[in-house]
Amino acid sequence: MALTNLVVLADIPSWVPPVMNIVLILSSLFLILLVLIQRGKGGGLSGAFGGAGGSSAFGSRAGDTFTRITIYAAAFWVLFIMITIRMTQPQAPDKTTPIPPPSNSTPQDSDQ
């Protein structure tokens, strides 16, 4: 059985894509805020507003934790985007009907 014949995500209820869009927007906002609270070379968001860039508001080991959370949140976001696109894009036409080969006949000149 060929994988092209499988219909993985068929008969999706009409309420699923809007809910997925809301989850996608919320996860996007979470990812943006998570990146902004991290302290990088420039001091993070606290350095942008004149705060102390050398100290972390969440402790000294918070950098490693935030990095892991960011990686997991970004992986979830990318996977969720792919699932959302797969669920909402229209189905491709069925390619099981063969296309007839072009005829080898040459056009006849009617002037001769």
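None of the figures in this text is laboratory data; all of them are computed from the coordinates on show. Being a predicted model, the structure only gives us computed values, none of them experimental. Backbone-built Cβ (ideal geometry, glycine too); neighbour counts: all protein chains shown.
Remarks
- Fewest-first ranking of Ile99, Ile69, Ile32, using other Cβ atoms within 10 Å as the exposure measure: Ile99, Ile32, Ile69
- Ala92-Ile71 FRET efficiency (beta carbon distance; Förster radius 30 Å; 0.05 resolution): 0.35
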